[in-house]
Amino acid sequence: MRLSPTPARRARLGAAVLALLLLATGCARETMPQDVLSHPQGPIARRLEHLINPVFLIAAFFFVLVQGLVIYAAIRFRRRSDDEAPVQVHGSAKLELTWTVVPAVLLLGVGIFTLANLFFLDQQPKGPDVVQVDVIGHQWWWEFKYPQYKITTANELHIPAGKKVAIKMTSTDVIHSFWPPKLAGKVDVIPGRTNHMVIEADAPGNFFGQCAEFCGLSHANMRLRVIADSQADFDTWVADQTTAAALPVTGDAAAGAALFRSKGCSGCHTVDGYSAGLVGPNLTHFNSRARFAGYIFDNNDEMLRKWLRNPPAMKPMNPNKGLGMPNLHLSEDEITKLIAYLDSLK
Amino acid sequence: MATVLEPTTIEATPVPREPALMRRPKATTGFWGWVTTVDHKKIGILYGVTAFIFFLVGGSEALLIRLQLAQPNGTILSADAYNQVFTMHGTTMIFLVVMPITTAFFNYLIPLMIGARDVAFPRLNAFSYWTFLCGALFINSSFVLGGAPNGGWFGYAPNTSITFSPGHNIDFWVFGLQILGIASTVGSINFIITILNMRAPGMTLMKMPIFIWMALVTSFLMMFAMPIITVALFLLMFDRLFGANFFNPAAGGDPLLWQHLFWLFGHPEVYILILPAMGMVSEILPVFSRKPLFGYPVMVISGVAIGFMGWGVWVHHMFATGLGPVAVSAFSISTMFIAVPTGVKIFNWIGTMWGGSIKFTTAMLFAVGFVAMFTIGGLSGVTHAVSPHDRQQTDTYYVVAHFHYVLFGGALFGIMGGTYYWYPKVFGRLLDEGLGKIHFWLWFIGFNLTFGPMHLIGLQGMPRRIYTYDKALGVGWLNMMSTIGAFIIMVSVLVFLYNALVVTRRQPVGAPNDPWDGRTLEWTLPSPVPDYNFLEVPVVHSLDDFWHQKYTEDDSGRLVKLSVSEAPPSDIDPHSIHLPSPSYFPLVAATGLPIMAYGMTYRVWLVAIFGAVWLLGGLYAWALEPSAEPHDPDDDHGPADAAELVGATAPALGAGPGPDAEPAEPTATDATPSQEGE
């Protein structure tokens, strides 16, 4: 390991590494929507950050210590002549005891803080102020239910900023993991079990998230967004969501509504007051959501058209095995009408 | 009844000539020499070469993964192809590369380092290899038979159930791993018995080379861990084939049962992968530092401690599954404390180098690289133990970075170091040092460029096992760096191949017995090692016995070279050494397993039954074949039986040489006979 012989070169190398790290963390400020290294956006994520940062520092200390010793030994004790006859040291009880006990004590300290936080984070918030949400994992989209308001929506989780949100989660098929990194660490969403987590956002904002447990073919396309609203905006949203859109009676939208039934869409999707399918996302307020299909496509006419032409070509799914939306072989005219209907579901 | 057992009837029966089928094969060279071999050295080479070929396969899979992820929204692979490739990359690197390569080292080196002529059960050893090969080919045949396993190497239920994975992909994984599990279990038992029973006279446990200690601990871990995954796979098999509901929540089963079983195997498995490399590094560092291993007893104890503690940390793979704070806190603490014996090892390795006379051969570069890189993996491992924050880390690329620093920065660095170190002993030629150093630096730079950025990629929120990611995550350029690093690793591997297959082969065979000024018994033997290993079984007086024949210490502890008097040529005729006879039946029996597996995979029960009968037939013939050619004048021992156990000078089963045992003087009769019964 004859690493960079001159101090100047070593300094330059160090500067380059430092610059790289600064660049990486600097970028994080604005452009890293799932970054957990800095800028947590809620009290829970912040607590996690405060817990890990000192551990990262301790790790950095040992990193520098060990690498420093290795590099020093490699340079200082390199063989200069084949006749060298080093002193045969077989060990040292004192030293070995030191590097057993010191790390053990340090780890005990880390352990105490870990356990304290663990039990703190396990507390379930109670009271009328707490918003309750049921998260249900599906291959490959998220269903969100608000039992207090009788709202069902998909992929887009609206919460009031500054309030604790108590989440109960389960899955209808395989194991998923619900992860909005800026607000909290992930919790697995397991069929047959109910897990709990708490999230809270400091201020209104739009927070990325996605499924973090491999859940089959389209695991990568199971994303979500947590949208924290001000209390007033949240109340408006709740009011909108609890009022079903009127069934269109004229034009393309009305024809689309008829197609929604005749083409079988209604067999999988619920539109309150019109259809009651339970396989796919609830579409009652489809047009209020910014993106669709596991939050991967912008919700606009162009993307909807592409989607309706052949869904499995847009997002890997396995409709032959009952997983995901099949190609319904719609004509362009039918697609126009269905889009008009979907647009009416505000 | 009495008449049947009447002795005179048996005595009256003339001994029939063995039917041709039952004669032992004789070839010791060429194709049949390799196919029928029971020589631990040949089996070791077969293991090593096979595993290296699978390293190229698993590496190609890694390159595909990196190509796909080089940029956001990659289009090199479809989602389904990506899921197959990442599943097979993990499965291959663990079960078909690191485990068999370490088995190759165990096979080749254990008898040489403990002064034995072979392992305890030579035919079982061959069976172990052929079973491994059959399992490896079976699981990879899925690529051309409709699709490789695609449920991840961890195969979480219920995604791997017949409902959610209806194809045969997962069946190949279920049966392939069961076959590989048989190979590992059988191999581990063989190594344990060899180490405990066949050490040279005088080699007490605390005079064993540290590599042998790590081999022993690893073998115990394997022997206990493989049955656990086998149970899990058995349950999954019943779910998939026969409609059982072990992991089906709708019928009262529990998907978390799979995770507990899998990780109760899976975490000791991590130590199965890393402990052998720790052993290799612990042999290499002293040799090239001209100093004994710092704190040998502590190194032994910490290795054993890791072996025990490795069973008590599995839930750290499951911190996000909602097990509750009590369970999670227990496993957080145990996970933190397994870092203590690991840290002790790291500091003791540095202590070994400290004050030494360090020669940077390629083997030493890899060993020092191991210490530096494994440390990084160990430190990130401690951060996982901080369980509340682990929920931010788990299932992201941060974990991918962590375990590659352990398994690549650790296991593979150690294995590469071991390869450069022991290559001359195995093949009689020294690998080219110049190319070796190019290999090391490219490998070192490529490794850090590939996996270093993954720490950031993960902490910036990119989950694992996704075939595509959003540009908005902002991790595109880091992923590009990582992909470039992976191709630098590829170049370094090509340099190694060029070195081993072209440059080194230009030299004549003729490496010196002891090219590195070694410390352990294998360096007393010619390179390559003759069939019979030791002409005379050595008598061991101390740890690093060979070193103490060459050097001593003066009053201040400094090294003093002894004038070694040339040992008088032995009067033992190598031809008089009776070696275990080759056999067809380990291979025959092993091939029954994939036949069974294909039958089960495709639910063609007759084929499965045929495979089982074939396997039993192979085992039956194995049991009945004679110990050597009939009428062989050396063979006066009758049919093969438990006599396999009798080693050259091995004491009885279960009674290793005690710590105070006076080493027995070897006599001519001690030295000449060898394994009987094979």
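The values are calculated or read from the model by the stated rules, or taken from the named source; none is laboratory data. Remember, it's a predicted structure, so these values are computed and weren't measured experimentally. A quick note on method: Cβ atoms are made from the backbone with ideal geometry, for glycine too, and the neighbour counts reach across all protein chains shown.
Can you confirm whether B:Val607 is within 14 Å of chain A (Cβ to nearest Cβ) and not basic (Lys, Arg)? Against the criterion (within 14 Å of chain A (Cβ to nearest Cβ) and not basic (Lys, Arg)), B:Val607 does not qualify. When residues of the stretch A:310-323 are filtered for being surrounded by 16 or more Cβ atoms within 10 Å (Cβ to Cβ) and either under 25 Å from A:Asp343 (Cα atoms) or free of Cβ contacts under 8 Å to residues at least 24 places away in the same chain (or both), how many remain? Counting residues in the stretch A:310-323 that are surrounded by 16 or more Cβ atoms within 10 Å (Cβ to Cβ) and either under 25 Å from A:Asp343 (Cα atoms) or free of Cβ contacts under 8 Å to residues at least 24 places away in the same chain (or both) gives 6.
The set of residues from the stretch A:131-177 being part of a loop (DSSP other than H, G, I, E, B) and β-branched (Val, Ile, Thr) comprises A:Thr172, A:Val174, A:Ile175.
Could you check the stretch A:96-115 and list, in sequence order, the residues that are touching a helix residue (DSSP H, G or I) at 6+ places or on another chain (Cβ under 7 Å) and more than 7 Å from every other protein chain (Cβ to nearest Cβ)? Selection gives A:Leu106, A:Phe113.
Could you please find all residues in the stretch B:559-587 being within 14 Å of chain A (Cβ to nearest Cβ) and either surrounded by 13 or more Cβ atoms within 10 Å (Cβ to Cβ) or hydrophobic (A, V, I, L, M, F, W, C) (or both)? It would help to see each step written out before you state the result.
Residues of the stretch B:559-587 within 14 Å of chain A (Cβ to nearest Cβ): B:559-562.
Answer for the stretch B:559-587, where residues must be within 14 Å of chain A (Cβ to nearest Cβ) and either surrounded by 13 or more Cβ atoms within 10 Å (Cβ to Cβ) or hydrophobic (A, V, I, L, M, F, W, C) (or both): B:Leu559, B:Val560, B:Leu562.
Among residues belonging to the stretch A:170-184 that are crowded, with 24+ Cβ neighbours inside 10 Å and within 8 Å of another protein chain (Cβ to nearest Cβ), point out the one that is nearest to the chain's Cα centre (by Cα). Here the answer is A:Trp179. In summary, A:Met303 fulfils each of the numbered conditions (1) farther than 22 Å from A:Asp173 by Cβ; (2) exposed (fewer than 15 other Cβ atoms within 10 Å of the Cβ) with the single exception of condition (2). If you go through the stretch B:561-595 and keep only what is touching a residue at least 40 places away in the same chain (Cβ under 8 Å) and among the aliphatic types (A, V, I, L, M), you end up with B:Ile572, B:Ile577, B:Leu579, B:Leu587, B:Ala589, B:Ala590, B:Leu593. In the stretch B:372-382, the residue that is nearest to B:His317 (Cα to Cα) out of those that are more than 7 Å from chain A (Cβ to nearest Cβ) and of a type outside the set (A, V, I, L, M) is B:Gly381. Taking the stretch B:109-132 as the range and being surrounded by fewer than 24 Cβ atoms within 10 Å (Cβ to Cβ) and within 15 Å of the chain's Cα centre (by Cα) as the test, only B:Trp130 passes. Mind checking whether some residue in the stretch B:447-469 is among the aromatic types (Phe, Trp, Tyr) and either assigned to a loop (DSSP other than H, G, I, E, B) or free of Cβ contacts under 8 Å to residues at least 24 places away in the same chain (or both)? Checked against the condition, which is being among the aromatic types (Phe, Trp, Tyr) and either assigned to a loop (DSSP other than H, G, I, E, B) or free of Cβ contacts under 8 Å to residues at least 24 places away in the same chain (or both), the stretch B:447-469 yields at least one hit.
Quick one: is B:Ile306 facing another protein chain (nearest Cβ under 10 Å) and either among the aliphatic types (A, V, I, L, M) or closer than 22 Å to A:Leu107 by Cα (or both)? In short, no. When the stretch A:32-52 is limited to residues that are surrounded by fewer than 16 Cβ atoms within 10 Å (Cβ to Cβ) and part of a loop (DSSP other than H, G, I, E, B), the one that is nearest to the other protein chains (Cβ to nearest Cβ) turns out to be A:Ser38. For the stretch B:383-407, filtered to residues that are within 11 Å of another protein chain (Cβ to nearest Cβ) and β-branched (Val, Ile, Thr), the residue that is farthest from B:Gly90 (Cα to Cα) is B:Val386.
Specify the residue that is surrounded by the most Cβ atoms within 10 Å (Cβ to Cβ); the eligible residues are those in the stretch B:334-346 that are under 30 Å from A:Ile75 (Cα atoms) and more than 7 Å from chain A (Cβ to nearest Cβ). The extreme case among them is B:Thr342. Per the listing B:Phe366, B:Phe331, the residue uniquely touching a His at 6+ places or on another chain (Cβ under 8 Å), assigned to a helix (DSSP H, G or I) and more than 7 Å from chain A (Cβ to nearest Cβ) is B:Phe331.
Considering only residues that are crowded, with 21+ Cβ neighbours inside 10 Å and within 13 Å of chain A (Cβ to nearest Cβ), which ones fall in the stretch B:257-281? Once the filter is applied, which keeps residues that are crowded, with 21+ Cβ neighbours inside 10 Å and within 13 Å of chain A (Cβ to nearest Cβ), the stretch B:257-281 yields B:Trp258, B:Gln259, B:Phe262, B:Val281.
Results for (1) out of contact with any strand residue (DSSP E or B) (no Cβ under 6 Å at 6 or more places or on another chain); (2) over 30 Å from A:Ile52 (Cα atoms), shown as yes or no for each residue.
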| residue | (1), (2) |
| --- | --- |
| A:Arg80 | yes, yes |
| A:Ala93 | yes, yes |
| A:Phe113 | yes, no |
| A:Pro125 | no, no |
| A:Val133 | no, no |
| A:Gly137 | no, no |
| A:Thr152 | no, yes |
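Using the structure shown, decide if B:Phe246 is modelled with pLDDT of 95 or more, within 22 Å of the chain's Cα centre (by Cα) and more than 10 Å from chain A (Cβ to nearest Cβ). If you could, list the steps in order and put the result at the bottom.
Details: modelled with pLDDT of 95 or more: yes; within 22 Å of the chain's Cα centre (by Cα): no; more than 10 Å from chain A (Cβ to nearest Cβ): yes.
Spelling it out, it is not the case that B:Phe246 is modelled with pLDDT of 95 or more, within 22 Å of the chain's Cα centre (by Cα) and more than 10 Å from chain A (Cβ to nearest Cβ).
One residue stands out among those in the stretch B:437-466 that are small (Gly, Ala, Ser) and within 14 Å of chain A (Cβ to nearest Cβ): the one that is surrounded by the fewest Cβ atoms within 10 Å (Cβ to Cβ), which is B:Gly452.
Could you tell me whether B:Met93 is in contact (Cβ under 8 Å) with a residue 60 or more places away in the chain, outside any loop (DSSP other than H, G, I, E, B), over 29 Å from B:Glu625 (Cα atoms) and in contact with a Ser or Thr (Cβ under 7 Å, 6 or more places away or on another chain)? Working first, answer last.
On the way: in contact (Cβ under 8 Å) with a residue 60 or more places away in the chain: yes; outside any loop (DSSP other than H, G, I, E, B): yes; over 29 Å from B:Glu625 (Cα atoms): yes; in contact with a Ser or Thr (Cβ under 7 Å, 6 or more places away or on another chain): no.
Against the criterion (in contact (Cβ under 8 Å) with a residue 60 or more places away in the chain, outside any loop (DSSP other than H, G, I, E, B), over 29 Å from B:Glu625 (Cα atoms) and in contact with a Ser or Thr (Cβ under 7 Å, 6 or more places away or on another chain)), B:Met93 does not qualify.
B:Phe319 satisfies every condition listed in (1) farther than 21 Å from B:Trp213 by Cα; (2) surrounded by 23 or more Cβ atoms within 10 Å (Cβ to Cβ); (3) at the interface with another protein chain (Cβ under 7 Å from one of its Cβ atoms) except (3). Residues that are in a helix (DSSP H, G or I) and surrounded by 24 or more Cβ atoms within 10 Å (Cβ to Cβ) within the stretch B:288-301 comprise B:Phe288, B:Ser289, B:Val298, B:Met299, listed in sequence order.
Looking only at residues in the stretch B:467-509 that are over 29 Å from the mean Cα position of the chain (by Cα) and away from chain A (no Cβ under 12 Å), the one that is nearest to B:Phe86 (Cα to Cα) is B:Asn479. Filtering the stretch B:195-223 to residues that are in a loop (DSSP other than H, G, I, E, B) and over 21 Å from the mean Cα position of the chain (by Cα) leaves B:Ala200, B:Pro201, B:Gly202, B:Met203, B:Thr204.
Between a first residue in the stretch A:117-146 that is within 12 Å of another protein chain (Cβ to nearest Cβ) and more than 23 Å from A:Arg225 (Cα to Cα) and a second residue that is of a type outside the set (S, T, N, Q) and outside any strand (DSSP E or B), which pairs have beta carbons less than 7 Å apart while being 6 or more apart in sequence or on different chains? Listed pairs, sorted by first residue: A:Asn117/A:Arg47; A:Asn117/A:Leu51; A:Asn117/B:Pro388; A:Leu118/B:Pro325; A:Leu118/B:Val328; A:Leu118/B:Pro388; A:Phe119/B:Pro325; A:Asp122/B:Pro325.
Of all residues in the stretch A:53-91, those satisfying the criterion of being under 52 Å from the mean Cα position of the chain (by Cα), surrounded by 17 or more Cβ atoms within 10 Å (Cβ to Cβ) and assigned to a loop (DSSP other than H, G, I, E, B) are A:Phe77, A:Gly91.
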